[in-house]
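A.B. asks: Handing you a structure now.
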Amino acid sequence: MKYKPEDYLDSGFYSDMDDDVQNKKEKIVKCRKPHKCVTCESNIAIGEHALKETGFMDGKPVSCYTCLPCIEAWLEESGQVNIEKED
(Lines give C-alpha, C1' and ligand atoms only; values in the text may rest on other atoms or scores of the structure.)
Protein backbone atom coordinates (compact mmCIF):
# COMPACT_ATOMS: atom_id res chain seq x y z
CA MET A 1 0.00 0.00 0.00
CA LYS A 2 1.53 3.29 -1.12
CA TYR A 3 -0.82 5.54 0.84
CA LYS A 4 -2.75 5.64 4.10
CA PRO A 5 -5.82 3.35 4.22
CA GLU A 6 -8.18 6.31 4.61
CA ASP A 7 -6.89 7.79 1.32
CA TYR A 8 -8.20 4.74 -0.53
CA LEU A 9 -11.57 4.85 1.22
CA ASP A 10 -12.11 8.58 0.77
CA SER A 11 -10.88 8.67 -2.83
CA GLY A 12 -14.26 9.11 -4.54
CA PHE A 13 -13.34 6.29 -6.91
CA TYR A 14 -16.88 4.87 -6.87
CA SER A 15 -18.65 8.24 -6.70
CA ASP A 16 -20.31 7.86 -10.12
CA MET A 17 -22.06 4.71 -8.86
CA ASP A 18 -23.21 6.15 -5.53
CA ASP A 19 -26.77 6.74 -6.75
CA ASP A 20 -27.20 3.17 -8.02
CA VAL A 21 -25.98 1.33 -4.91
CA GLN A 22 -27.91 1.49 -1.64
CA ASN A 23 -26.28 0.80 1.75
CA LYS A 24 -22.89 1.11 0.06
CA LYS A 25 -19.84 0.17 2.10
CA GLU A 26 -16.18 0.25 1.15
CA LYS A 27 -13.26 -1.31 2.95
CA ILE A 28 -9.75 -2.46 2.25
CA VAL A 29 -9.50 -6.22 2.49
CA LYS A 30 -6.75 -8.80 2.26
CA CYS A 31 -8.09 -11.28 -0.28
CA ARG A 32 -8.60 -14.85 0.88
CA LYS A 33 -9.37 -16.04 -2.64
CA PRO A 34 -8.54 -14.70 -6.11
CA HIS A 35 -10.66 -11.89 -7.56
CA LYS A 36 -10.68 -9.88 -10.76
CA CYS A 37 -10.30 -6.10 -10.59
CA VAL A 38 -13.52 -4.47 -11.76
CA THR A 39 -11.54 -1.63 -13.37
CA CYS A 40 -8.52 -3.12 -15.15
CA GLU A 41 -9.63 -6.78 -15.06
CA SER A 42 -6.25 -7.89 -13.70
CA ASN A 43 -6.14 -10.77 -11.23
CA ILE A 44 -5.97 -9.92 -7.55
CA ALA A 45 -4.11 -12.80 -5.92
CA ILE A 46 -4.66 -14.40 -2.55
CA GLY A 47 -2.98 -12.26 0.11
CA GLU A 48 -3.10 -9.01 -1.89
CA HIS A 49 -5.05 -6.02 -0.63
CA ALA A 50 -7.98 -4.64 -2.59
CA LEU A 51 -10.77 -2.12 -2.15
CA LYS A 52 -14.06 -3.99 -1.74
CA GLU A 53 -17.39 -2.31 -2.34
CA THR A 54 -20.63 -3.92 -1.21
CA GLY A 55 -24.24 -2.83 -1.21
CA PHE A 56 -27.58 -3.45 -2.86
CA MET A 57 -28.64 -2.65 -6.40
CA ASP A 58 -32.25 -3.19 -7.44
CA GLY A 59 -32.78 -4.98 -4.13
CA LYS A 60 -30.03 -7.54 -4.78
CA PRO A 61 -26.64 -7.75 -3.02
CA VAL A 62 -23.65 -6.67 -5.10
CA SER A 63 -19.93 -6.55 -4.49
CA CYS A 64 -16.82 -5.72 -6.47
CA TYR A 65 -13.09 -5.57 -5.92
CA THR A 66 -10.65 -2.97 -7.22
CA CYS A 67 -6.89 -3.53 -7.12
CA LEU A 68 -4.89 -0.97 -5.18
CA PRO A 69 -2.80 0.08 -8.22
CA CYS A 70 -6.02 1.30 -9.90
CA ILE A 71 -6.98 3.30 -6.81
CA GLU A 72 -3.43 4.66 -6.50
CA ALA A 73 -3.48 5.81 -10.14
CA TRP A 74 -6.83 7.54 -9.48
CA LEU A 75 -5.45 9.26 -6.36
CA GLU A 76 -2.47 10.54 -8.32
CA GLU A 77 -4.39 11.60 -11.45
CA SER A 78 -7.03 13.40 -9.42
CA GLY A 79 -4.38 15.27 -7.41
CA GLN A 80 -5.50 13.86 -4.08
CA VAL A 81 -1.95 12.83 -3.16
CA ASN A 82 1.40 14.47 -3.71
CA ILE A 83 3.68 12.51 -5.98
CA GLU A 84 7.38 13.08 -5.99
CA LYS A 85 8.74 13.59 -9.48
CA GLU A 86 12.11 12.09 -10.30
CA ASP A 87 14.60 14.26 -12.17
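A.B. asks: How large a share of the accessible area of the chain, in percent, is made up of carbon and sulfur atoms when the probe is 1.4 Å and the other protein chains stay in place?
C.D. replies: Answer for the chain: carbon and sulfur cover 47 percent of the accessible area.
A.B. asks: Under 1.5 on a/c is rounded, so check that first for the range 38-82, then, if it is not, pick prolate when a/b is larger than b/c and oblate when it is not; a ≥ b ≥ c are the square roots of the alpha carbon gyration tensor eigenvalues.
C.D. replies: Here the range 38-82 falls in the oblate category.
A.B. asks: Add +1 for every Lys or Arg and -1 for every Asp or Glu among the other residues with Cβ under 14 Å from the Cβ of residue 46, and state the total.
C.D. replies: Numbers: positive: 30, 32, 33, 36; negative: 48.
Value of the local net charge: +3.
A.B. asks: Assign one of three labels to the chain, namely rounded, prolate or oblate, based on the Cα gyration tensor with a ≥ b ≥ c the square roots of its eigenvalues; rounded applies when a/c is under 1.5, prolate when it is not and a/b is larger than b/c, and oblate otherwise.
C.D. replies: The shape class here is oblate.
A.B. asks: How large is the accessible surface per residue of the chain, computed with a 1.4 Å probe and reported in Å² as a whole number?
C.D. replies: Numbers: 6220 Å² over 87 residues.
Using a 1.4 Å probe on heavy atoms only, each residue of the chain averages 72 Å².
A.B. asks: Still on this structure, please answer the following. Test of understanding: what is the full-extension gain from residue 7 to residue 56, defined as 0.36 nm times their sequence separation minus their Cα-Cα distance?
C.D. replies: Additional length available on full extension: 15.2 nm.
The values are calculated or read from the model by the stated rules, or taken from the named source; none is laboratory data. This structure is a prediction, so every number in the text was calculated from the model and none was measured. Don't worry about glycine lacking a Cβ; one is built from the backbone with ideal geometry, like all the others, and counts go over all protein chains shown. Areas reflect the complete protein model, heavy atoms only, side chains present, ligands, DNA and RNA absent. Shrake-Rupley method; radii C 1.70, N 1.55, O 1.52, S 1.80 Å.
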